[in-house]
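Enquirer: One structure coming up, written as structure tokens, with questions to follow.
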Amino acid sequence: MSTIETKSAIHQLVDEINDEQFLKAVYIILEQKATPEPDFWDALTENQRLAIKKGVSDADAGRSKPYQQVLNKYL
């Protein structure tokens, strides 16, 4: 079944349903899927972005510590 056929079949099924509570639930699910989630990167400050980029550069250059070593520092 193609995307167009699937959408058409969904429309037909929805037209046949009279359960308002169910339709509202389906609407909420569809609305959430249709609304793109914001990218967390856009919510960061410029300083936070620079710190992340520096950390990635450090890791790429081999300037990192093993996970267990860092974990032990805080346990």
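The values are calculated or read from the model by the stated rules, or taken from the named source; none is laboratory data. Just so it is clear, the model here is predicted, and its values are computed rather than measured. Here the Cβ positions follow ideal geometry from the backbone for every residue, glycine too, while neighbour counts run over all protein chains shown. Ligands, DNA and RNA are excluded from the accessible area calculation, which covers all protein heavy atoms including side chains. Shrake-Rupley method; radii C 1.70, N 1.55, O 1.52, S 1.80 Å.
Enquirer: Please state which one of 29, 4 is open to solvent by 100 Å² or more (accessible area, probe 1.4 Å), modelled with pLDDT of 95 or more and among the hydrophobic types (A, V, I, L, M, F, W, C).
Expert: 4
Enquirer: Could you run through the stretch 32-71 and say how many residues are surrounded by fewer than 10 Cβ atoms within 10 Å (Cβ to Cβ) and either on the phi > 0 side of the Ramachandran plot or of a type in the set (S, T, N, Q) (or both)?
Expert: Of the residues in the stretch 32-71, 7 are surrounded by fewer than 10 Cβ atoms within 10 Å (Cβ to Cβ) and either on the phi > 0 side of the Ramachandran plot or of a type in the set (S, T, N, Q) (or both).
Enquirer: Here's a follow-up. Would you mind stating whether residue 63 is without any contact (Cβ under 8 Å) to a residue 24 or more places away in the chain and part of a loop (DSSP other than H, G, I, E, B)?
Expert: The answer is yes for residue 63.
Enquirer: Looking at the stretch 32-55 only, could you name the residues that are of a type in the set (Val, Ile, Thr) and modelled with pLDDT of 95 or more?
Expert: 45, 52 - these are the residues of the stretch 32-55 that are of a type in the set (Val, Ile, Thr) and modelled with pLDDT of 95 or more.
Enquirer: Does residue 26 satisfy the condition of being of a type in the set (A, V, I, L, M), touching a helix residue (DSSP H, G or I) at 6+ places or on another chain (Cβ under 9 Å) and part of a helix (DSSP H, G or I)?
Expert: When the stated conditions are applied, residue 26 passes them.
Enquirer: Determine the pairs where a residue that is among the polar types (S, T, N, Q), located within the stretch 44-58, has a partner that is open to solvent by 70 Å² or more (accessible area, probe 1.4 Å) and outside any helix (DSSP H, G or I) with Cβ atoms under 9 Å apart, the partner being 6 or more residues away or on another chain.
Expert: From the stretch 44-58, the pairs are 57/63.
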